[in-house]
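Each reported figure results from applying straightforward, stated rules to the coordinates on display, with no laboratory input. What you see is a predicted model; the values in this text were computed from it and never measured.
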């Protein structure tokens, strides 16, 4: 028991000496009732291309940019959808988009110059078709 008291008192003496010398921060001016500040959180943004950042272990790898490249490819794929024509009788119209035939409500994968994309035919009008591809609604018309 005496040993513990001596250790505590020696630690207190050392703290007092360091506080007096300006090495240890003084607790006299600290407000213990203050609200602690929130620790800032780290934020990581995945790079979209090699100029924004690289994998330090595999610097020539293109793996970190695949998601960004896929997003660009899909937006380009929506722009490369082409209405080729109409078929069917007036009561059951069909539309041809990039050599694939759709009725209203059909879902199908379509091959475009930018890659494969899932297309859903929403509505077939007399001279155009409204489709949904990659979360975007697009109205396709015959080329003039």
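What number does the range 63-141 give for Rg over Rh if you use C-alpha atoms and the Kirkwood radius? If you can, show how the numbers build up before the last one.
Numbers: Rg = 13.4 Å, Rh = 12.9 Å.
Result: Rg/Rh = 1.03.
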*asked:* Could you work out how much longer the chain between residue 96 and residue 122 gets when fully extended? Use 0.36 nm per residue separation minus the Cα distance between them, nm to one decimal.
replied: 8.0 nm
